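The values are calculated or read from the model by the stated rules, or taken from the named source; none is laboratory data. Only a predicted model underlies this, so the values are computations on that prediction, with no experimental measurement involved. Quick reminder, even Gly has a Cβ in these numbers, built from the backbone with ideal geometry, and neighbours come from all protein chains shown.
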Amino acid sequence: MNVLFIEDDQMNRRVVGDMLDVAGATMTGAESAEIGLKMIDENDYAIILVDLRMPGMDGLTAIRHIRARNDAKASLPIIVVTADTAIDLRERCLAEGADEVLFKPVAMDALFDAMGRILAKGSGDGMIG
């Protein structure tokens, strides 16, 4: 399974990449939303992980761009990974088109559970954990 993590912090990308490696998934990192959107154009991913707070385009705007596509990639599963703790954040992310919201620091079991729930809604294959 190929996962894209759009996150400006290299250490966060490395930690999540190590977690996904344990599950046999391949993670590609993008250090900005703009780069991540280009990577979605050029590659196939099973799941997109996206941070909210990044220089330039933020994660919610990136989600809007993905959901506005006119192809199958518009329905790619998206998990928000954020340190933001605003009270209504989860609801805002889901309203913008995110499938799940995880809070940093991300625990491996929480990541795998979220990915499993998303994959179970879809094709049902490629379960994690």
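Is there any pair with a first residue in region 93-104 that is under 16 Å from residue 75 (Cα atoms) and a second that is not in a helix (DSSP H, G or I) whose Cβ atoms are under 6 Å apart and which are 6 or more apart or on different chains, and what are they?
Listed pairs, sorted by first residue: 93/80; 93/101; 98/78; 98/80; 99/77; 99/78; 100/79.
Quick one: residue 80 ticks every box in (1) modelled with pLDDT of 95 or more; (2) farther than 11 Å from residue 52 by Cα except a single one, so which number is it?
Evaluating residue 80 over (1) modelled with pLDDT of 95 or more; (2) farther than 11 Å from residue 52 by Cα leaves (2) as the failure.
Of these, 55, 77, which one is exposed (fewer than 13 other Cβ atoms within 10 Å of the Cβ) and within 14 Å of residue 6 (Cα to Cα)?
Within the list 55, 77, the selection yields 55.
Going through region 22-44 one residue at a time, which ones are assigned to a helix (DSSP H, G or I) and at pLDDT below 95?
The first filter runs over region 22-44 and keeps only residues assigned to a helix (DSSP H, G or I), leaving 22, 33-42.
Answer for region 22-44, where residues must be assigned to a helix (DSSP H, G or I) and at pLDDT below 95: just 22.
Restricting attention to region 4-35, and to residues there that are of a type in the set (S, T, N, Q) and in contact with a Leu (Cβ under 8 Å, 6 or more places away or on another chain), which single residue is surrounded by the most Cβ atoms within 10 Å (Cβ to Cβ)? Break it down into steps so the answer makes sense when it comes.
Looking only at region 4-35, we keep the residues that are of a type in the set (S, T, N, Q), and these are 10, 12, 26, 28, 32.
Narrowing further to those that are in contact with a Leu (Cβ under 8 Å, 6 or more places away or on another chain): 26, 28.
Details: 26: 13, 28: 15.
By that ranking, first place goes to 28.
Any idea which of (1) closer than 20 Å to residue 16 by Cα; (2) touching a residue at least 24 places away in the same chain (Cβ under 8 Å); (3) of a type outside the set (D, E, K, R) is the one residue 110 doesn't satisfy?
Of everything listed in (1) closer than 20 Å to residue 16 by Cα; (2) touching a residue at least 24 places away in the same chain (Cβ under 8 Å); (3) of a type outside the set (D, E, K, R), residue 110 misses just condition (2).
For region 30-52, give me the residue count where each residue is in contact with a Gly (Cβ under 8 Å, 6 or more places away or on another chain) and either of a type outside the set (Asp, Glu) or within 10 Å of residue 4 (Cβ to Cβ) (or both).
7
Can you tell me which residue is surrounded by the fewest Cβ atoms within 10 Å (Cβ to Cβ) among those in region 84-103 that are modelled with pLDDT of 95 or more and assigned to a loop (DSSP other than H, G, I, E, B)?
97
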